[in-house]
Amino acid sequence: MRSDEARVLLGFPPNSRPTPSQVKAAFKKKVWESHPDLFPVNEKPTAESKFKRISEACNCMLSGNSL
């Protein structure tokens, strides 16, 4: 995942440079919006996919890796 894509998924502007604490806070907020257990059965697959992308974005931002 590219870092600009990760920033947008976490709610930051594409060219911003959020601190690790800002990334963690954004991740926690986004997790509550997309956690699969909070959705009805018919919406779980979509929520799971979004949840995984948000987790990947957080890991990308915290590790400093970008493709």
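Which ones in the stretch 18-53 are open to solvent by less than 50 Å² (accessible area, probe 1.4 Å), closer than 18 Å to Val8 by Cβ and either among the acidic types (Asp, Glu) or touching a Ser or Thr at 6+ places or on another chain (Cβ under 6 Å) (or both)?
Selection gives nothing.
Please indicate, with yes or no, whether at least one residue in the stretch 17-26 is assigned to a helix (DSSP H, G or I), modelled with pLDDT under 90 and of a type in the set (Gly, Ala, Ser). It would help to see each step written out before you state the result.
We begin by selecting, within the stretch 17-26, every residue assigned to a helix (DSSP H, G or I); these are 20-26.
Those still in the list that are modelled with pLDDT under 90 too: none.
For the stretch 17-26, residues assigned to a helix (DSSP H, G or I), modelled with pLDDT under 90 and of a type in the set (Gly, Ala, Ser): absent.
Identify, by number, the condition in (1) in a loop (DSSP other than H, G, I, E, B); (2) farther than 17 Å from Met1 by Cα that Gly11 doesn't meet.
With (1) in a loop (DSSP other than H, G, I, E, B); (2) farther than 17 Å from Met1 by Cα applied to Gly11, the lone miss is (2).
Scan the stretch 20-38 residue by residue and report those that are under 17 Å from Ser63 (Cβ atoms) and out of contact with any Pro (no Cβ under 8 Å at 6 or more places or on another chain). Write out each step before concluding.
Let us first name the residues in the stretch 20-38 that are under 17 Å from Ser63 (Cβ atoms), namely 20-24, 26-27.
Those that are under 17 Å from Ser63 (Cβ atoms) and out of contact with any Pro (no Cβ under 8 Å at 6 or more places or on another chain): Pro20, Ser21, Gln22, Val23, Lys24, Phe27.
Could you tell me whether the stretch 51-62 includes any residue that is modelled with pLDDT under 90 and at negative phi?
Our first condition is that a residue be modelled with pLDDT under 90; within the stretch 51-62, this holds for none.
No, because not a single residue in the stretch 51-62 is modelled with pLDDT under 90 and at negative phi.
Just need a number here: residues in the stretch 1-22 that are in contact with a helix residue (DSSP H, G or I) (Cβ under 6 Å, 6 or more places away or on another chain) and under 15 Å from Phe51 (Cα atoms).
So the answer is 5.
The values are calculated or read from the model by the stated rules, or taken from the named source; none is laboratory data. Owing to the predicted nature of the structure, the values given are computational and were not obtained by experimental measurement. Virtual Cβ from ideal backbone geometry, glycine too; neighbours counted across all protein chains shown. Just the protein is used for accessible areas: all its heavy atoms, side chains included, with ligands, DNA and RNA removed. Shrake-Rupley method; radii C 1.70, N 1.55, O 1.52, S 1.80 Å.
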